[in-house]
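A.B. asks: One structure follows; several queries about it will come next.
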Amino acid sequence: MERVITRFVKALRERGVRVSPGESMDAVHAVSLCGLSKRETVRSILRLTLVKNANEIPVFEEEFERFFTTSSSNVQMHQDFGDLINSLIHVVEGSLFKSNVESFQDPDDEKINILVDEEVTEEDLENLLDMGEDNGDEEGPEIQVQLNRNPGKMEAPSPSEYRMENVPSVAFYQGYNNSKNLAFTPEELVDMQEVVGRMLVRIRKDIKRMKEKESRGKLHVVRTLQKNYRHGMIPFLLALRRKRMEKPRLVVFCDVSFSVSHATRFMLLLLHTLQNRVVDVRSFVFNRDVVEITDRLRNLPVNCLLETIDRGDIVNLDDNSDYGNVFLTFKREHLESMRGKPAIIIMGDGRNNYNEDNEWALEEIREKAGYMLWLSPEDRETWYRGDCLMELYGSYCDRVEVVKNVDELSKVVEELFYTLYDHNDTRTWKNRIKPAREEKNYDPASYYIRPGSDAKPAFDPEVRRSW
Amino acid sequence: MITESTVKTLLSNGGYIADEAIATAVFLALQMEKPILIEGPPGVGKTGLAKTLSEVLDFPLVRLQCYEGIDEGKALYDWEYGKQLLYTQLLRTQLDTYLSVTSDLREAVERLSAEESLFFSRNFLVQRPILRSFLSEKRSLLLIDEIDRSGDEFEALLLECLSDFQVSVPELGVIPALQKPLTILTSNGTRMISDALRRRCLYLYIGYPDLEREVTIVRARYPDLCEILARKMVEFLRAVRELNLRKPPSVSETLDWANVLTILHATALTPEIVASTVGVIAKHQADLQQVNDLAAQMLA
């Protein structure tokens, strides 16, 4: 029985269910307590002991059905299953074929006998015989036999078994090429939730630590005395003043024009999955005009909102993006209502379609921001081609990043959160940004080189100065 | 001697209709002395299982409600500072006589340090739920409710308690459990529980029951409700669950509704009755309309 369970565990592991040795020992113990009399009981025992996650239950059920199905005696037979495969492989490899066939017929060899009796169906044997006749076509029958007997091994793993990072990026690229079909599938949403979930776990611990550190302030005398009243005013327990913590503020601009739309969609989804947990986000979408969508994102499911955007109800999708106009409008209508010093993220390719650049507006926005990050889906090499104003706008940002898939996006956003929480106090942001600016004056060429990378600067900011 | 089928009977005597998986889980937990981690949507009877078990098995129920920021001082044990201080005050007068036999300071310190452990003894240890259930004379039922509300640190804290059934107090050493309690952890799945904790438990997922079981549950709790109406009601609620509501009605809502229908002496399910009692089923304003629409469609 132990061997059956071990084999079953192995099959489960191949399907991506993580089962520890301790759990399989539990399973053996549990089965020995309850006995094997009822199929349903065994099923629930194995499910209780081997599966530790609700998502894995369907895989378990499928595998259980497959593994314990053919006949009542199969439990024993599966032990010899590996041997069967091995012998079959030997068969295909050639020389041993004859002797094996002989041993199939040898009544003394009990093990093989069992195989012939129960495990190997007539069809399989026919296949074997065919193989003897026609050695030229080696692969067909053998693989067929394997497929019949062990589908789990041969199947490509289902997408859910991959590390989640892979899936969204694939989806991302697909969407990027085929931007007509933009709404998220439920799978993508789930994937995104997972990516964000994992990211949150990583971030949260550090955030907590940082918060604890930051919330230790001066001694709160009154509360300390109150707290220690029962200890005869001996200050056993200290009460400290807490610094008022505020959520970091983010302002996000997303270009929804055709060229970058899918990337921005993921950005929106990402930020608003995070919204209520760690940050305060205000979101804007723009094309020619800029419109705030914070409330809609909060109240509508993401998919509904995307449909609304796709219909062009919020901004006219037929327009070409006009960054200059966007910055100007934003400066006029929203800049006054920016509280604190938000971090501003702009997501777009910086292609202005030869409109007025209005860089002074961006400069004024920059003055009000604590931090400015530009994410572009285009490679640095293409930034100076055509109507791209990345080099101009980029010089106002604290950081410019190329982000092409969800992985990179979530990495950048995660880094951003560290930055925000590390320097939650906006005043420290300011101090932190100053040295960076001075540095820029000393050596403008190195500004776009990220520390640690040896990439060439994509452009020379001096150019702008000489205009 | 308890067997698996008696567990089922026991539970149904207590008014809890268990399916195969639940009964097996309880049986194994009793036999293997392992905790059960129960996950599932809210209101399917996770906590209810624990309560019923404590009744029918006659294990005293020790409940620990988790919340964000729960720590060992709230879950395992705490020192009773006040009592310690009070004792120091009271014993101060005794001190002179106690030390009068000593001739010099060194001797006095030695004599005192021999009694040092006095103040960190079990006398001054406040037992919090986990320790209390470990030290209970009778085998108890420890319910750690909504573990997903607590933090990672608390989960880590539980690892020792749940795998070895012991509590380490630095001042006293390891306190093993007198009787290993039957432990039940519940989670609504708002946060992923760590694999380390999952491995130490039997994992039981309680979803929405199937039609027959849900009807049996309703009938067991409200025998006055006629069979046909109960079935109709459950069928309707199962359709409501398919609606993608913000808060789908759970078994507890089914029972509430059954109660309401009994009180109203309803004889048949009509859209009007649904409309007047919809607040029992749907708990969000946005959901109400959807339920009413479905009722008009299904029951007209």
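A.B. asks: Would you please state the base-10 log of I(q)/I(0) at q = 0.07, 0.09, 0.13, 0.16 1/Å for chain B, with intensities from the Debye formula using one equal scatterer on every alpha carbon?
C.D. replies: One equal scatterer on each Cα of chain B leads to -0.40, -0.59, -0.96, -1.21.
A.B. asks: Based on C-alpha coordinates, I'd like the Rg and Dmax of the range A:2-69, in Å.
C.D. replies: Values for the range A:2-69 (Cα only, Rg and Dmax): 10.7, 29 Å.
A.B. asks: Under 12 Å from a label point 7 Å along Cα→Cβ of B:Asp224: give me every residue in the range B:1-23 with its amide N that close.
C.D. replies: Backbone N within reach: none found.
A.B. asks: Sticking with this structure for a sec: Of the GluC sites (Glu not before Pro) in the range B:70-169, which ones lie in a loop per DSSP and count no more than 12 other C-beta atoms within 10 Å? Walk me through the numbers before you get to the answer.
C.D. replies: Details: sites: B:Glu72, B:Glu80, B:Glu107, B:Glu110, B:Glu115, B:Glu116, B:Glu137, B:Glu146, B:Glu153, B:Glu155, B:Glu160; in loops: B:Glu80, B:Glu115, B:Glu137, B:Glu146.
Answer in residue order: B:Glu115, B:Glu137.
A.B. asks: So, one more: Net charge within 9 Å of A:His334 by Cβ-Cβ distance, Lys/Arg positive one each and Asp/Glu negative one each, not counting A:His334 itself?
C.D. replies: Net charge in that neighbourhood comes out at 0.
A.B. asks: For A:Asp322, what is the net charge nearby, where nearby means another residue's Cβ is under 12 Å from its Cβ and Lys, Arg count +1, Asp, Glu -1?
C.D. replies: Working: positive: A:Arg288, A:Arg351; negative: A:Asp255, A:Asp289, A:Asp319, A:Glu356, A:Asp357, A:Asp387.
The answer is -4.
A.B. asks: Let me ask you something else. Sum up the charges of everything whose Cβ sits under 10 Å from the Cβ of B:Leu178, counting Lys and Arg as +1 and Asp and Glu as -1, but leave B:Leu178 out. Please report the intermediate quantities before stating the final value.
C.D. replies: Values: positive: B:Lys138, B:Arg139, B:Lys180; negative: B:Glu137.
Surrounding charge for B:Leu178 is +2.
A.B. asks: For the range B:77-124, with only Lys/Arg (+1) and Asp/Glu (-1) charged at the beta-carbon, what is the dipole magnitude about the Cα centre, in debye rounded to 20?
C.D. replies: Values: 5 positive and 8 negative charges, 27 e Å.
Result for the range B:77-124 is approximately 140 debye, rounded to the nearest 20.
A.B. asks: Starting from the 7 Å offset along Cα-to-Cβ, what nm value, one decimal, do you get for the label separation of B:Asp210 and A:His334?
C.D. replies: Label-label distance for B:Asp210 and A:His334, simple model: 5.3 nm.
A.B. asks: In what sequence do A:Thr6, B:Thr93, B:Thr254 fall when counting other Cβ within 10 Å, fewest first?
C.D. replies: Values: A:Thr6 15, B:Thr93 9, B:Thr254 27.
Lowest count first: B:Thr93, A:Thr6, B:Thr254.
A.B. asks: Rounding to the nearest 20 debye, state how big the charge dipole of the range B:211-299 is about its Cα centre with +1 on each Lys and Arg Cβ and -1 on each Asp and Glu Cβ.
C.D. replies: 200 debye
A.B. asks: Only Lys, Arg, Asp and Glu count, each charged at its Cβ (+1, +1, -1, -1), so figure out the dipole size of chain B about its Cα centre, rounded to 20 debye.
C.D. replies: So the magnitude is around 540 debye.
A.B. asks: Something else now. What ranking of B:Ile130, B:Ile175 emerges when the number of other C-beta atoms within 10 Å of each C-beta is taken as an exposure proxy, fewest first? Intermediate values should be presented prior to the final figure.
C.D. replies: Working: B:Ile130 26, B:Ile175 18.
By the 10 Å Cβ count, ascending: B:Ile175, B:Ile130.
A.B. asks: Let me ask something else. Run the simple label-point estimate for B:Ala239 and A:Asn303 please: 7 Å along Cα→C-beta, distance reported in nm.
C.D. replies: 2.2 nm
A.B. asks: A follow-up question, please. On a 23 Å Cα-Cα criterion, which of the cross-link pairs B:Lys46/B:Lys247; A:Lys52/B:Lys247; A:Lys38/B:Lys8; A:Lys10/A:Lys52; B:Lys83/B:Lys180; A:Lys52/A:Lys411 come out too long?
C.D. replies: Working: B:Lys46/B:Lys247 17 Å; A:Lys52/B:Lys247 25 Å; A:Lys38/B:Lys8 15 Å; A:Lys10/A:Lys52 16 Å; B:Lys83/B:Lys180 29 Å; A:Lys52/A:Lys411 29 Å.
Beyond 23 Å: A:Lys52/B:Lys247; B:Lys83/B:Lys180; A:Lys52/A:Lys411.
A.B. asks: Continuing with the same structure: So how do A:Cys397, A:Cys304 line up by other beta-carbon neighbours within 10 Å, fewest first?
C.D. replies: Values: A:Cys397 20, A:Cys304 12.
With the sparsest Cβ surroundings first, the list reads A:Cys304, A:Cys397.
A.B. asks: Further question on the same structure: Amide H to amide H under 5 Å from B:Gln65: which residues, 5+ apart in sequence or cross-chain, H placed 1.01 Å off N in plane?
C.D. replies: Those lying under 5 Å, H to H, from B:Gln65 are B:Asp145.
Read-outs throughout are calculated quantities, based only on the coordinates presented, and are distinct from any laboratory measurement. Everything numeric here is computed off the predicted structure, so don't read it as measured data. Note: ideal-geometry Cβ built from the backbone for every residue, glycine included; neighbour counts use all protein chains shown.
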